[in-house]
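To start, the structure itself, in structure tokens.
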Amino acid sequence: LDVSMDTWSYFHTCLASIWLHRFYIYSAVALGISLWIVIQFTTTKKKGEKSSGNPTSSKGTEDKLVNGCATPQAKEVYVAAVKIFYGSQTGTAKRFAKALAEAVTSLNLPVEVINMGDYDPDDCLAEETTSRNICVFLVATYTDGQPTESAAWFCKWLEEAANDFRVGKTYLKGLRYAVFGLGNSVYVDHYNTVGRRLDRWLWVLGASRVMTRAEGDCNVAQSRHGSIEGDFEAWKNKFLTRLQALCRGEKKPCSGKCKKGKCRSPGKPSKESSDHEHGASEHENTEAEELFETSSEEEADAEEAGGTNSVIDVEDLGNIMGHVKKAKSSIDTVLLNHFGYPLVCFMSQLLQAKISSSLFFALFSGYKLIGSHSGVKLCRWTKSMLRGRGGCYKHTFYGIESHRCMEATPSLACANKCVFCWRHHTNPVGTEWRWKMDQPEVILQEAIENHQNMIKQFRGVSGVKAARFEEALTVKHCALSLVGEPIMYPQINRFVRLLHQHSISSFLVTNAQFPEEIRNLEPVTQLYVSVDASTRESLRRIDRPLFKDFWQRFLDSLKALAEKEQRTVYRLTLVKAWNVDELKAYAELISLGKPDFIEVKGVTYCGESSASSLTMANVPWHEEVVGFVQDLAELLPDYEIACEHEHSNCLLLAHTKFKVDGEWFTWIDYGRFQQLVRERERSGGSRTFTAADYTARTPPWALFGARERGFDPLDVRFQRRNKARDISGC
């Protein structure tokens, strides 16, 4: 017994000693782990340096080089081929492209000359990230700083991709390129703008310059080499030398003559760099190097300075107004030079109408801003259906023609800061209307005009179906779901009536924070309520509403929805680890609002953002969404799964009243709806109608369980070869 007591006493003493000295033990363990990490890192780095040594140091490799370029017998091919893209109006760029091709051929390298008008970047450009090709772009600047007709679509596509946050900054990582711009310095304001912008857009998307951009000048008085031909010949010789170095495996990204004595091209790009500053700084820096060669570091400077991606509440704008006013004059100059007078007017209105300055910089690319609080944008599904590649889930579920749908909003502001917001909270937020109000007639007219102008840019684009292009010029549907909270707009009823007077159907989405506005809303084709969570706490975490009484407003909005006679929809967005385990609570909310339809969609990951902690791990697989919907349907005796759109990771639950004699009628008879609306207006509102009055039969391919999985068989599904770089729709 004494022995056991002594043992226990000794053990207790040891434990006490360890506890008293735990800090030293923790420190020792931390030090050991740190040393182990340093050793592992150093070892790995040395191995990497050894394995990536200069391949030309091997005599065996040197024996397999011809004119400095690797032959097919070499162990590793550093340059597979050269692709020369040209955009020409008078033929100069085309002539240069052929001359460069002849020179490259002399190096025993395959070469291809491509007219940008015959090339579809949406289909093919991403493939160059893994092709080991060198892409050379010879682009001319035409009237008013615009690209030539043959290069217009290529440049438009590249600009949208570079400014679309859904397209990652590494979308073109692996693509190696060089740019030679053709311009005339007589036109000072537009000198070589196309080449400069093309270079910046490629770099923003993660592509790597093999050498700094060059610029040829038609103005012989200013051309460093006496003519644009001389500028091209000088650049061509440098390019061929650089190409030979690349064939030997040298990885130096450019000439090394960049601003501040070092090339920072490989740095992380910034999408918010100013093209104006970019061009001006480079033009001023020409004394440091040959006139025809320029470089781009301003993007990196902007990244270091820090972009504005934070949320600015309407209530907090006072702190930033002084800074905005100081910057206003320089901002207006930039906008006027590059985006025209209407956008300058909008920027000026920001100061008066209390819209955050970050809104402009975040939204102007791809958006057409209208007045002081509205906007319109071309949906990617509109582009897809123009080319016969399928429509969005609304086409599958409700029969809209995606190529005739206008995505717009009369209110860029919102009362929530949802974690999955696809605008990354760059739009203003507020709980009440505080802006100078534009008239609905003006908003609709400008929205349609801007939409049509964006459609017209697809004239002659490869793959666009002529019949659909002509149809797309007449808007038939309007999705009031672009960004913000459309129902906040005080004249929303007038705006909706105008849509119907133009025979345009209305799909209005609200975030369930304005119950009175929902009650007062006149009939729309289909009214959506976003139900992003089913409990008070999960709604607070996911939607992050501004209203203190957000939960009561949420419930009241659902009750208001139940009073509507026309089509109503719950919109559920599934976020893994956030709201996928609340089936019973969702069922209770559905019984409260009694929607006609329930859309369940997996969240779309829209890239990294300081405003959200979501990652790809929060995006459910399609089969997980299917499982969730099947489990939810078991709790809803009046609902069944009707449709599926696999591409959008979306399913539709429909009330069984839309299933007649075993057939689903989820589609909409749009002509009948317009007729019913006109009859209601003529009766002064006394004649009403219900959702059952304008239904249409759902085609078999759109039904859940069909082998098409929601893809219209009249179109041809386009599968990207590099699926990892595909861009999900929102």
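The values are calculated or read from the model by the stated rules, or taken from the named source; none is laboratory data. The shown structure was predicted, so the numbers you read here are calculated from the model rather than taken from an experiment. With ideal geometry, Cβ positions are generated from the backbone for all residues, glycine too; neighbour counts draw on all protein chains shown. For the accessible areas, the whole protein counts, side chains as well, though only heavy atoms, and no ligand, DNA or RNA atoms are used. Shrake-Rupley method; radii C 1.70, N 1.55, O 1.52, S 1.80 Å.
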Inset, instruction - May I ask for the net charge around E102, where only other residues with Cβ less than 12 Å from the Cβ of E102 are counted and Lys, Arg are +1 while Asp, Glu are -1? - result: +3
Inset, instruction - Could you work out how far the C-alpha centroid of the range 152-183 sits from that of the range 432-496, in angstrom? - result: 26
Inset, instruction - Leaving ligands, DNA and RNA out of it, work out the accessible area of D189 with a 1.4 Å probe and give it in Å² to the nearest 10. - result: 120
Legend entry - Estimated distance in nm for a label pair at I39 and K156, the labels positioned 7 Å out from Cα along Cα-to-Cβ: 6.1
Legend entry - Theoretical gain in end-to-end length, L31 to A617 [0.36 nm per residue, Cα-Cα removed]: 207.7 nm
Inset, instruction - Quick one: pull the percent of accessible area on the range 479-555 belonging to carbon and sulfur, 1.4 Å probe, ligands and nucleic acids left out. - result: 45
Legend entry - Cβ-Cβ FRET estimate between A706 and S131, R0 fixed at 25 Å, reported to 0.05: 0.10
Legend entry - Ranked order, T42, T666 - accessible area, probe 1.4 Å, largest first: T42, T666
Legend entry - Residue-by-residue Karplus 3J(HN,Hα) for the range 381-386, coefficients 6.51, -1.76, 1.60, Hz, glycine and proline x: 6, 4, 5, 5, 6, 4
Inset, instruction - Quote the accessible area belonging to R536 in square angstrom, nearest 10, computed with a 1.4 Å probe and with ligands, DNA and RNA left uncounted. - result: 100
Inset, instruction - Would you be so kind as to identify which of G181, S106, Q89 lies farthest towards the positive end of the dipole of the range 81-248, taking Lys and Arg as +1 and Asp and Glu as -1 on Cβ and the Cα centre as origin? - result: S106
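Net charge near L480: determine it from the other residues with C-beta under 14 Å of the C-beta of L480, scoring Lys and Arg +1 and Asp and Glu -1.
Once positives and negatives cancel, what remains is +1.
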Inset, instruction - With a probe of 1.4 Å, find how much accessible area the range 512-558 has per residue, and write the answer as a whole number in Å². - result: 36
Inset, instruction - Per residue of the range 494-508, in order, report the coupling 6.51 cos²θ - 1.76 cosθ + 1.60 (Karplus, θ = phi - 60°) as ³J(HN,Hα) in whole Hz, putting x for Gly and Pro. - result: 5, 5, 5, 4, 5, 4, 5, 5, 8, 6, 10, 6, 10, 10, 10
Inset, instruction - Using a 1.4 Å probe and counting only protein heavy atoms, arrange K657, K238 so the residue with the most accessible area comes first. - result: K657, K238
Legend entry - Potential extension, L714-T90 segment - 0.36 nm per residue separation minus Cα distance: 220.6 nm
Inset, instruction - Taking amide H positions as placed in the peptide plane 1.01 Å from N, state which residues far from E215 in sequence (5 or more) or on other chains have amide H under 5 Å from it. - result: G181, E293, T294
Legend entry - Pairs from K169/K368; K156/K383; K559/K659; K94/K236 whose Cα-Cα separation, in the structure shown, is over 19 Å: K169/K368; K559/K659
Legend entry - Note, ³J(HN,Hα) from phi for the range 560-565, Karplus 6.51, -1.76, 1.60, rounded to Hz, x at Gly and Pro: 5, 5, 5, 7, 6, 8
Legend entry - Cα→Cβ-extended label distance, 7 Å offset, between K584 and T241, nm: 7.7
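Is the shape of the range 368-702 best called rounded, prolate or oblate, per the rule: a/c under 1.5 gives rounded, else a/b larger than b/c gives prolate, else oblate, with a ≥ b ≥ c the square roots of the Cα gyration tensor eigenvalues?
Judged from the Cα gyration tensor, the range 368-702 comes out rounded (a/c under 1.5).
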Legend entry - Net charge over other residues, Cβ less than 9 angstrom from the Cβ of L652 (K, R count +1; D, E count -1): -2
Legend entry - Cβ-Cβ FRET estimate between E634 and E663, R0 fixed at 25 Å, reported to 0.05: 0.65
